[in-house]
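The values are calculated or read from the model by the stated rules, or taken from the named source; none is laboratory data. Here the structure is a predicted model, which means the values were calculated and not measured. All Cβ positions, even for glycine, are placed from backbone atoms using ideal geometry, and neighbour counts span all protein chains on display. Quick note on the areas: whole protein, heavy atoms, side chains included, nothing else; ligands and nucleic acids left out. Shrake-Rupley method; radii C 1.70, N 1.55, O 1.52, S 1.80 Å.
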Amino acid sequence: MKHEDTSRELHQPGTVSSSLHEHVQIGDTLLISAPAGMFTLDTTRTNPVAFIAGGIGLTPLLSMLQTVVKQQPERSAQLVYAVRDHHFHAFAEELQQLAAQNPAISHTIFYENGTEEDIEQKHCDYVGRITEAWLQQHIPADAEVYVCGPRPFMQAMISILLRKGITMENIHYEVFGPALAFSVD
């Protein structure tokens, strides 16, 4: 579990992860339950799949991408990941390895606060936010799309996908935290 660095300006740590890191010790017993959400990959489909992640929303999408690699290695899969900067870039090596070992997998990384040096060193592909123009050009019209990240990020991405003509039946998302639903343009 990621332990958030709370020393950075405007960064709010996760309530559960912070509590676990600060109060749970090796050997402690925790009572937990199985996941109960409906945010799962449909492996019966063979159309292209796109995963659009914001921040730590990458975690469930990376698991789905790994499932595609194992169960549907011929299925075209694309991961688009937006993150603040290299300090917050999760699973960087794992993403590189997955894409390098699987020709049907591609990934594109956006650093909101990146630098030209980040691009030169291949830490990210773009500096700035994911744009509507980029999504319009790179996400296939027949893609099944999974979106996970902060609520405003998901609202923006889903609105763009809908304007592109991707139907809600092909857009899957999960909202974490107290806001269980939201609206899109």
### Query
Only one of (1) at pLDDT below 95; (2) open to solvent by 30 Å² or more (accessible area, probe 1.4 Å) is not met by G149, so which one is it?
(2)
### Query
Within region 136-146, how many residues turn out to be open to solvent by less than 40 Å² (accessible area, probe 1.4 Å) and not hydrophobic (A, V, I, L, M, F, W, C)?
2
### Task
Output the number of residues of region 59-69 satisfying the condition of being over 14 Å from F153 (Cβ atoms) and under 8 Å from the mean Cα position of the chain (by Cα).
3
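Given the criteria free of Cβ contacts under 8 Å to residues at least 60 places away in the same chain, assigned to a helix (DSSP H, G or I) and more than 15 Å from the chain's Cα centre (by Cα), does H21 qualify?
Values: free of Cβ contacts under 8 Å to residues at least 60 places away in the same chain: yes; assigned to a helix (DSSP H, G or I): yes; more than 15 Å from the chain's Cα centre (by Cα): yes.
Yes, satisfied.
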#### Entry: Enumeration of residues in region 136-160 that are part of a helix (DSSP H, G or I), of a type in the set (A, V, I, L, M) and in contact (Cβ under 8 Å) with a residue 60 or more places away in the chain
M154, M157
### Task
Looking at (1) modelled with pLDDT of 80 or more; (2) hydroxyl-bearing (S, T, Y); (3) open to solvent by 100 Å² or more (accessible area, probe 1.4 Å), find the lone condition where T15 falls short.
(1)
### Task
Determine if region 88-106 includes at least one residue that is at pLDDT below 95, hydroxyl-bearing (S, T, Y) and farther than 16 Å from A50 by Cβ.
no
### Summary
Picking from F88, F51, F39, F110, the residue that is open to solvent by less than 60 Å² (accessible area, probe 1.4 Å), touching an Asp or Glu at 6+ places or on another chain (Cβ under 6 Å), in contact (Cβ under 8 Å) with a residue 12 or more places away in the chain and of a type in the set (F, W, Y) would be F39
### Summary
Among R129, R163, the single one that is more than 22 Å from L65 (Cβ to Cβ), without any contact (Cβ under 8 Å) to a residue 60 or more places away in the chain, among the charged types (D, E, K, R) and open to solvent by 50 Å² or more (accessible area, probe 1.4 Å) is R163
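When residues of region 65-81 are filtered for being surrounded by fewer than 21 Cβ atoms within 10 Å (Cβ to Cβ), of a type outside the set (G, A, S) and touching a residue at least 24 places away in the same chain (Cβ under 8 Å), how many remain?
Residues meeting the conditions: 8.
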### Message
Let me spell it out: the conditions are (1) within 15 Å of the chain's Cα centre (by Cα); (2) open to solvent by 20 Å² or more (accessible area, probe 1.4 Å); (3) within 10 Å of Y146 (Cβ to Cβ), and I56 meets all of them except one. Which number is the exception?
### Response
(3)
